[in-house]
Amino acid sequence: NPTQTATGIFETGSSTYGAPVTFGIGLNIPISGRISIGTGIDYSLLTRSFSGIYSEMENMSIEGNVMHKMHYVGIPLDVNFSVYRNRYINVYAFVGGEIEYCFSNTYTIRGGASDIVYREPVKGFQFSTEAGAGVEARLNNYMGLFLAPAVHYYFMGNQPKSIRTEKQFMVGVSAGLRFDLKEKR
């Protein structure tokens, strides 16, 4: 019994999800001695594949493998609490959330003479919360590299089917470059 995932695309098999990939750039804004606000901009790619039927063409449908890709841009907002720090390292805990917008939602159907690409706009935003701990290695007084494992919860909304809608509670690791608004010593 096929289920419709989008206009013209009908799922006939179960989904296989790719690991979500996120990268971004962050800014740290000191509030007081050990507390800071973190924000920035993130890009995320979510993928899945499934067997399906494309029936948008007149008097014709194509059955095949479907690759579904969702591209998101997001703005995180976290409160960071420094547990231990010196000139070279900062160990911290954080709690916060993120709002993301899916700017590209594409289905590629492989099964005919050539691939068919079907795009569908996404309305609304993906909201999530997170909590975790991290370690930052200072490169200089204004910049550091960080690694931060965290737990995430993704709220239901008008988002396309993805690993986030199937498993709303997830564990992940963020890594990247963080800039400080104020010099750290």
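The values are calculated or read from the model by the stated rules, or taken from the named source; none is laboratory data. None of the values given here were measured: they were computed from a predicted structure. Virtual Cβ from ideal backbone geometry, glycine too; neighbours counted across all protein chains shown. Please note that ligands, DNA and RNA were not included when accessible areas were found on the heavy atoms of the full protein model with its side chains. Shrake-Rupley method; radii C 1.70, N 1.55, O 1.52, S 1.80 Å.
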Scan of the range 162-185 for residues that are assigned to a loop (DSSP other than H, G, I, E, B) and open to solvent by 40 Å² or more (accessible area, probe 1.4 Å), ordered by number: 167, 168, 181, 182, 183, 184, 185
Selected residue [of a type in the set (Ser, Thr, Tyr) and open to solvent by 40 Å² or more (accessible area, probe 1.4 Å)] from 92, 142: 142
Residue ID - least open to solvent (accessible area, probe 1.4 Å), chosen from residues in the range 8-47 that are in a loop (DSSP other than H, G, I, E, B) and polar (S, T, N, Q): 15
Candidate set from the range 106-126 (those that are touching an Asp or Glu at 6+ places or on another chain (Cβ under 9 Å) and under 23 Å from residue 169 (Cβ atoms)); member that is most open to solvent (accessible area, probe 1.4 Å): 125
Failed condition for residue 64, given (1) without any contact (Cβ under 8 Å) to a residue 40 or more places away in the chain; (2) more than 30 Å from residue 177 (Cβ to Cβ): (1)
The listed residue being under 18 Å from the mean Cα position of the chain (by Cα) and either under 17 Å from residue 138 (Cα atoms) or at pLDDT below 90 (or both), out of 23, 10: 23
Conditions (1) out of contact with any helix residue (DSSP H, G or I) (no Cβ under 8 Å at 6 or more places or on another chain); (2) modelled with pLDDT of 95 or more: number failed by residue 126: (1)
Of all residues in the range 63-89 being open to solvent by 20 Å² or more (accessible area, probe 1.4 Å) and farther than 22 Å from residue 26 by Cα, the one that is modelled with the lowest pLDDT: 63
Qualifying residue in the range 127-136 (condition: surrounded by fewer than 16 Cβ atoms within 10 Å (Cβ to Cβ), within 16 Å of residue 74 (Cα to Cα) and not aliphatic (A, V, I, L, M)): yes
All positions within the range 147-161 that are farther than 20 Å from residue 48 by Cα and either of a type in the set (Ser, Thr, Tyr) or open to solvent by 40 Å² or more (accessible area, probe 1.4 Å) (or both): 147, 149, 151
Unmet criterion (only one of (1) part of a loop (DSSP other than H, G, I, E, B); (2) touching a residue at least 60 places away in the same chain (Cβ under 8 Å)) for residue 158: (2)
Unique residue being within 30 Å of residue 65 (Cβ to Cβ) and acidic (Asp, Glu) when the list is 136, 120: 120
Among the candidates 63, 56, residue that is assigned to a strand (DSSP E or B) and over 22 Å from the mean Cα position of the chain (by Cα): 63
